[in-house]
Each structure stands twice: as C-alpha cells, then as structure tokens.
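Only the coordinates and a few stated rules stand behind these numbers; no lab work does. Keep in mind that this is a model prediction, so the values were computed, not measured. Cβ: placed from backbone, ideal geometry, glycine included. Neighbour counts: every protein chain shown.
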Amino acid sequence: MLEFKDFETVRDLAKAGNIDEAYLGRVLRLTLLSPAVTDVLLSGRQPDGLELANLLKPFPVEWDQQPAHFEF
C-alpha cells in the first residue's frame with residue numbers, strides 16, 4: 001500500500017489499519033529479508049526457537065549476512 005501510494009507514510013497506514021505505528025515499522029522491516037531467508041521461513045526450515053519476536057529485532061539488511069545472523 002505504501003509502494004502503490006495508497007498511503008503517503010507509515011503513520012497514515014498505521015492509522016488507517018488501527019495498528020501501533022512502532023509495531024508496523026518493525027513488521028515492515030521484514031520486507032528487507034533476503035529471498036533465501038524468506039524461503040527458509042516459508043518452508044518451515046528455520047532453526048528451533050526462531051520466532052517472530054526474533055525477526056522483529058534489528059537484523060542486517062545485507063542479504064549475505066542474514067543467514068548467519070539468524071543462525072541458519
């Protein structure tokens with residue numbers, strides 16, 4: 001919705017969805033996950049103990065650093 005300009009800002013999107021702006025910002029960071037990490041997560045092959053709370057914490061945006069960060 002941000003990409004297609006349905007909403008100008010994260011704040012506008014959060015208000016429209018009645019979502020906490022800070023939470024939405026953390027969730028939107030998941031769009032920065034590499035295709036390889038996304039594939040592991042969607043196929044259920046993530047390491048034991050890796051949960052959404054771990055993914056919402058800061059992580060490297062460089063795709064080649066993400067597997068080691070998430071201990072794949």
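Before moving on, here are some points about what is shown:
- A simple rule links phi to the HN-Hα coupling: the Karplus curve 6.51 cos²θ - 1.76 cosθ + 1.60 with θ = phi - 60°, which for the range 37-45 gives 5, 4, 4, 4, 5, 5, 8, x, 9 Hz, with x for Gly and Pro.
- ³J(HN,Hα), Karplus 6.51/-1.76/1.60, whole Hz, each residue of the range 60-68, x for Gly, Pro: x, 7, 6, 4, 6, 8, 5, x, 5
- Label corresponding to P(r) over Cα pairs in 10 Å bins from 0, in percent when calculated from the structure given, among (i) 18, 45, 28, 10; (ii) 14, 36, 34, 13, 4, 0; (iii) 19, 53, 23, 4, 0: (i)
- Net charge of Cβ neighbours under 10 Å - reference Asp12; Lys, Arg +1; Asp, Glu -1: -1
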